[in-house]
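J.: Quick one: the structure is below, and I'll ask about it shortly.
The values are calculated or read from the model by the stated rules, or taken from the named source; none is laboratory data. Predicted model, so just to flag it, every value in this text is computed and none were measured. Positions of Cβ are generated from backbone atoms using ideal geometry, with glycine treated the same way; all protein chains shown enter the neighbour counts.
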Amino acid sequence: MKINILYYRTGIFVAILSSIACHKDNGHNNPVVPKDTLTQDTYTIISGGNSPAATILASPFSSAATPFVDYPGLLLVMDQDGNVLKKKTTDEMASCFERWTINGQTRYSYFLNDISVYRAPGTDNFAGSAVIADSNLQEIKRIHFVPAGTGPFNPGQDLDLHDFILLSDDHYIAMTYYPKHVSNIPAYLGPSPNAVVQVPLIEEVNNGSVIWQWDPSSDTSFYANSVEGNNYADSTAAQDYMHMNAMYIDSADNNIVCSFRNQNQILKINRSTGAILWRLGGKNSDFPLYSDQVFLRQHDPSLTDNNQTLLIFDNGEATLRPESRILEFKLDEKNKKVISFKSFTIPEPFTYFMGSVQKNGDEYFIGGGTANYILEINYVTGEKIKEFEGGSYSTYRAYNFPNISR
């Protein structure tokens, strides 16, 4: 099948059905999970209050882990107090452990790092496969990169391990990176004639076939907007000028919201045409921002408050602002205006990399990434309700699924 980059190759009907039938679990359809006697010695749990009944997902890994050395993985399903409900160990480092509801059935997904897969020269991204598992964490299938389009792709290339959206057992959205020699970098940026960039690629796959693909390498605006990985004069290493790290489907219009760390920017992309609908943040934001609204090296954008609020883990930056925040934006997407804005500075160490956030009522549930904590906190009072101290273990993301609707 021929793939036209940035353009849809199949009917919208399939995507709409998938959007209706599947969603990332919001906790209101929780399966009943019996407690057992499983234990964990990763987290020290500090309780400052009573947490509502919930299921917590985490996949901690050693802070010393690298993409090129085998580290064992751990998947933890816990209750609100840190009691282990389910546990699975893996031979490879596991990350991005998530839960989904597919036509009333519980599914889990997670990534496994593979030290043997292809990585572009000069890059060190985690890469490998995605695993789809049933409600008991038993593997249903393993997902690998499906080459399609112009590429060029390399033997042994696999998925990037930043994000994965499960629509059904045979329908998903995944991402990868591929190195590309480009000649469209503006001359004023001083590129080498042999410049290579690390291009993020989004693929929607249904029944083994790529039905939609998004490749931004023809958009020259991203080169100047980049804040890291932009030494285009260096032809010895692929420049990670965008560093995509998150995807989220807006259920209101079925389009996809994506985060690009090295652009300090979040995009909304049309899943029919591949067109960029808007850009938030960065040097060329479509929405004018005040200085306190500017985010740096962000992760995990999602929509909350009945799809009205864009929620962001704002990492900050070691020199410009070495503190991490949670941001809430209400956007007028048509007129490109910020209607309202909230900021909450996390009372924990600065998170250099990774991180996640969920909002439940007056509380944030925060995965502290490389700051090695998980935190449940009342953002109105500042009360720390529950803190999971990870010691030498990081968690790319952590999730809290309330067992009852609040």
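J.: Could you go through segment 21-37 and let me know if any residue there is out of contact with any helix residue (DSSP H, G or I) (no Cβ under 7 Å at 6 or more places or on another chain), modelled with pLDDT of 90 or more and either buried (at least 21 other Cβ atoms within 10 Å of the Cβ) or closer than 21 Å to residue 375 by Cβ (or both).
T.: No, that holds for no residue.
J.: Within segment 276-315, can you find the residues that are acidic (Asp, Glu) and in a loop (DSSP other than H, G, I, E, B)? Explain how you work it out, then say what you get.
T.: Of the residues in segment 276-315, the ones acidic (Asp, Glu) are 286, 292, 300, 305, 314.
Residues satisfying the conditions are 286, 305.
J.: Right, next: For residues that are of a type in the set (A, V, I, L, M) and assigned to a strand (DSSP E or B), scanning just segment 248-267, find the one that is farthest from residue 220 (Cα to Cα).
T.: Taking segment 248-267 first, the residues of a type in the set (A, V, I, L, M) are 249, 252, 256-257, 266-267.
From what is left, the residues that are assigned to a strand (DSSP E or B) are 249, 256-257, 266-267.
On the way: 249: 25, 256: 21, 257: 20, 266: 17, 267: 15 Å.
In this case the residue turns out to be 249.
One line per residue, one yes/no per condition, for (1) closer than 21 Å to residue 70 by Cα; (2) assigned to a strand (DSSP E or B); (3) not aliphatic (A, V, I, L, M):
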| site | (1), (2), (3) |
| --- | --- |
| 98 | no, yes, yes |
| 101 | no, yes, yes |
| 111 | yes, yes, yes |
| 118 | yes, no, yes |
| 122 | yes, no, yes |
| 125 | yes, no, yes |
| 137 | no, no, no |
| 141 | no, yes, yes |
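J.: Go through segment 364-406 and report how many residues are among the aliphatic types (A, V, I, L, M), farther than 15 Å from residue 46 by Cα and within 16 Å of the chain's Cα centre (by Cα). Break it down into steps so the answer makes sense when it comes.
T.: So in segment 364-406, the residues among the aliphatic types (A, V, I, L, M) come out as 366, 371, 374-375, 377, 380, 385, 398, 404.
Cutting the leftovers down to farther than 15 Å from residue 46 by Cα gives us 371, 380, 398, 404.
If we keep only those that are within 16 Å of the chain's Cα centre (by Cα) too, we end up with 398.
Of the residues in that region, 1 qualify.
J.: Looking at 321, 297, which one is on the phi > 0 side of the Ramachandran plot, out of contact with any Pro (no Cβ under 8 Å at 6 or more places or on another chain) and among the charged types (D, E, K, R)? Explain how you work it out, then say what you get.
T.: Working: 321 fails: on the phi > 0 side of the Ramachandran plot.
Matching residue, one of 321, 297: 297.
J.: Against the condition out of contact with any helix residue (DSSP H, G or I) (no Cβ under 8 Å at 6 or more places or on another chain), part of a loop (DSSP other than H, G, I, E, B) and hydrophobic (A, V, I, L, M, F, W, C), how does residue 380 come out, does it pass?
T.: yes
J.: Which of the residues that make up segment 115-131 are among the charged types (D, E, K, R) and either free of Cβ contacts under 8 Å to residues at least 12 places away in the same chain or closer than 11 Å to residue 156 by Cα (or both)? Steps first, please.
T.: Of segment 115-131, the ones among the charged types (D, E, K, R) are 119, 124.
Of everything in segment 115-131, just one residue is among the charged types (D, E, K, R) and either free of Cβ contacts under 8 Å to residues at least 12 places away in the same chain or closer than 11 Å to residue 156 by Cα (or both), namely 119.
J.: I would also like to ask the following. Would a scan of segment 185-208 turn up a residue that is among the β-branched types (Val, Ile, Thr), over 28 Å from residue 92 (Cα atoms), surrounded by fewer than 18 Cβ atoms within 10 Å (Cβ to Cβ) and out of contact with any helix residue (DSSP H, G or I) (no Cβ under 7 Å at 6 or more places or on another chain)?
T.: No: zero hits.
J.: Could you figure out which of (1) in contact with a Gly (Cβ under 6 Å, 6 or more places away or on another chain); (2) not in a loop (DSSP other than H, G, I, E, B); (3) not hydrophobic (A, V, I, L, M, F, W, C) isn't true of residue 200?
T.: Single failed check for residue 200: (1).
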